[in-house]
Amino acid sequence: MGKAKKKRSQAPVALVYFTTLLVFMAVFGFVAYQLVKKLTITHTEDESSEVYVDKSFSIMFSRVNRLGGLADLAVVKFVPEENRVIVVPLPAQTVSSSTGSIFKDIYASGGPKTLKQAVEKTLDISIDYYTTVSDATFEDVYDLIGGVIFTPQEELYRLSEKNDEDDISYRAGVAVTISGKQAITLLAADVFSGGRAENLELLGSVLTQLINNAFQQPSATRNSLDNYFSKLFSESGTNYTSAKYRENKDSILEMLDRNLKPVLLKKPDGVWEDTTKFTVSSTFKNELLEIYGYKAVSTPVEQSAEEIIE
């Protein structure tokens with residue numbers, strides 16, 4: 001009888017012990033769950049912090065002649081992640097796909113900002129920045145880099161009535177190193193038997209050689225980079241600020257250390273109407289979109305570009 005009472009009296013103690021054990025396990029499990037959850041979130045945040053950052057940027061260079069008219073232009077996109085500089089030269093006679101006007105007239109009426117928008121819609125790409133470059137500035141930067149070789153496929157000859165410096169005399173097949181002044185004269189001249197298409201060909205060759213030459217002399221370019229920026233972007237017709245330049249400068253310097261010839265030249269295909277109008281082909285646009293890695297410019301992208309400008 002006494003033993004039975006003793007056994008019954010131990011039951012509540014066991015119940016309390018068991019309940020305490022369950023509560024402890026629940027609290028321990030909750031704490032462990034929170035720790036695991038925190039570690040998971042931290043790990044996820046660490047992974048998200050390693051998301052790919054696009055360091056590429058594009059600039060539209062509009063070359064303006066001594067009379068203030070658009071001579072030609074080029075869209076240059078720097079893609080440091082791919083060790084590339086994509087160059088798209090365009091004649092001033094290019095037809096805008098949205099208005100039917102040529103770029104030369106668009107620049108004359110609306111300036112570089114309006115021209116940038118026309119180029120974006122015509123090529124179905126977005127452009128981050130724009131700048132205008134006078135013939136004098138182009139010649140200055142050109143001669144600082146130097147080393148551009150021109151090999152005419154035909155004899156070229158012209159005597160200028162106004163200035164001996166504008167004379168043209170080249171023998172077919174004979175390679176010569178041309179100065180900035182000579183390049184400007186050739187780019188403006190109607191001396192090629194193939195018409196303005198060959199002027200565009202020359203523009204692509206000049207830009208390709210200049211940029212590749214700059215990357216092939218990294219020490220000189222590194223020391224001159226700030227000077228190039230001040231010359232090319234000091235005029236009023238630009239939205240490329242010193243702050244943006246400082247953001248992009250490190251990427252350019254990294255590319256300079258890689259001993260590159262980075263230019264991928266994409267000279268547009270299209271149809272010339274005499275020498276007054278050039279219409280870019282849809283095939284070229286598709287090729288360019290593939291190289292750029294995205295589809296046609298949408299409205300949100302254009303709004304974003306406008307915000308940057310403002």
*Between Glu154 and Lys55, what length comes free when the chain is fully extended (0.36 nm per residue of separation minus the Cα-Cα distance, one decimal in nm)?*
31.4 nm
_If packing is taken as the average count of other Cβ atoms within 10 Å, what order do 199-210, 162-173 fall into, highest mean first?_
199-210, 162-173
*asked:* Let me spell out the model: positive unit charges on the Cβ of Lys and Arg, negative unit charges on the Cβ of Asp and Glu, origin at the Cα centre of the range 42-175. What dipole size does that give, in debye rounded to 20?
replied: 560
*Can you tell which of Ser179, Tyr157, Gly195 lies farthest toward the positive end of the dipole of the range 154-230, using +1 and -1 charges on the Cβ of basic and acidic side chains (Lys, Arg; Asp, Glu)?*
Ser179
*Pulled fully out, how much extra length does the chain show between Glu290 and Lys181, if you take 0.36 nm times their separation in residues and subtract their Cα-Cα distance?*
35.7 nm
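Taking the Cα centre of the range 159-254 as origin, work out the dipole magnitude from +1 charges on Lys and Arg Cβ and -1 charges on Asp and Glu Cβ, in debye rounded to 20. Write down the numbers at each step before the final one.
Working: 9 positive and 13 negative charges, 68 e Å.
Using Cβ point charges on Lys, Arg, Asp and Glu, the range 159-254 gives about 320 debye.
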*Please give the solvent-accessible surface of Glu155 in Å², to the nearest 10, using a probe radius of 1.4 Å with every protein chain present.*
140
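Could you give the dipole magnitude of the range 82-143 about its Cα centre, charging the beta-carbon of Lys and Arg +1 and that of Asp and Glu -1, in debye to the nearest 20? Mind showing how you got there, number by number?
Values: 5 positive and 9 negative charges, 68 e Å.
Value, rounded to 20: 320 debye.
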*Got a sec? Charge dipole of the range 240-282, +1 on Cβ for Lys and Arg, -1 for Asp and Glu; which of Tyr240, Val280, Ile252 is way out at the positive end?*
Ile252
_Beyond a 29 Å Cα-Cα separation, which of these cross-linked pairs lie in this structure: Lys104/Lys261; Lys104/Lys181; Lys77/Lys113; Lys113/Lys266; Lys162/Lys285?_
Lys104/Lys261; Lys162/Lys285
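Rounded, prolate or oblate: pick one for the range 77-163, where a ≥ b ≥ c are the square roots of the eigenvalues of its C-alpha gyration tensor, a/c under 1.5 means rounded, and failing that, prolate if a/b is larger than b/c, else oblate.
Working: a/c = 1.84, a/b = 1.27, b/c = 1.45.
Oblate.
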*asked:* Quick check: Cα centre of the range 72-96 to Cα centre of the range 221-256, how many Å?
replied: 17
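State whether the range 204-251 is rounded, prolate or oblate according to the following rule on the C-alpha gyration tensor (a ≥ b ≥ c being the square roots of its eigenvalues): a/c under 1.5 gives rounded; otherwise a/b larger than b/c gives prolate, and the remaining case gives oblate.
Working: a/c = 2.12, a/b = 1.38, b/c = 1.53.
Oblate, since a/c reaches 1.5 and b/c is not below a/b.
The values are calculated or read from the model by the stated rules, or taken from the named source; none is laboratory data. Note that the structure is predicted; figures quoted are calculated from it, not measured. As a convention, Cβ positions derive from the backbone with ideal geometry for all residues, glycine included, and neighbour counts pool all protein chains shown. SASA here: full protein model, heavy atoms, side chains in, ligands and nucleic acids out. Shrake-Rupley method; radii C 1.70, N 1.55, O 1.52, S 1.80 Å.
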